[in-house]
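S.K.: I am attaching a structure below and will ask some questions about it afterwards.
Bear in mind these aren't lab numbers, they're just calculated from the coordinates by the rules spelled out. These figures come from a predicted structure and were not determined experimentally. Using ideal geometry, Cβ is built from the backbone for each residue, glycine included, and neighbour counts are taken over all protein chains shown.
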Amino acid sequence: MRQIVHPRPPCAFWFARRIGNDQALKWFPIEYKISDTEFRAEGPGAQVTGLANRTVLIVEDEWLVRMELVAAFEDEHCIIVEAASAEDACDALRASRGSGGRVDLLVTDIRLTGLLTGWDLAAKARDIDAGIGVIYVSANPPAPGRDVSDSVFIDKPALVDQVVVAARRLLG
């Protein structure tokens, strides 16, 4: 089983958001959630197939959408790493490589909180690991030339089943 250990304590990461009509920024801690179970097939002739035990990095700043994607990939017995921004996702990718682990699939929105976009994140992810699968899930239109090769673009609102099917195709 692989674990990704973040190089800095989770409480060191914060994001700001304006709540309602309040002009002041309210700060919230960013948390990483790492699934710590490994799926094993049991019984004579049983095999683990599909996406089971693959590590999926889900990057989405809208937490309800992220939770829906997480639930879909947990149903496929994937190991899940979550991030709300591209910067946090880059940290998680570097940490995974440093610990000997590997993220198999990146599922990202395009417009995220922070300075980097999903396009930037995918390019950096491929610099870290050329074999990582990439799925963009966004309401923003595709931008020819910005996407990485052999990636999939899915328009929002998307059914999570579409994302899972695309993941199966990418990871074969």
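S.K.: Can you give the charge dipole size of the range 85-153 about its Cα centre, rounded to the nearest 20 debye, using +1 on the beta carbon of Lys and Arg and -1 on the beta carbon of Asp and Glu?
M.R.: 60 debye
S.K.: Sort 87, 76 so the one with the fewest other Cβ atoms within 10 Å of its own Cβ comes first. All intermediate terms of the calculation are to be shown ahead of the outcome.
M.R.: Numbers: 87 20, 76 17.
Ascending number of Cβ neighbours within 10 Å: 76, 87.
S.K.: As an exercise, identify the trypsin sites (Lys or Arg not before Pro) in the range 72-172 lying in DSSP coil whose Cβ has no more than 13 other Cβ atoms within 10 Å.
M.R.: Those that pass, being in a loop and sparsely packed, are 111.
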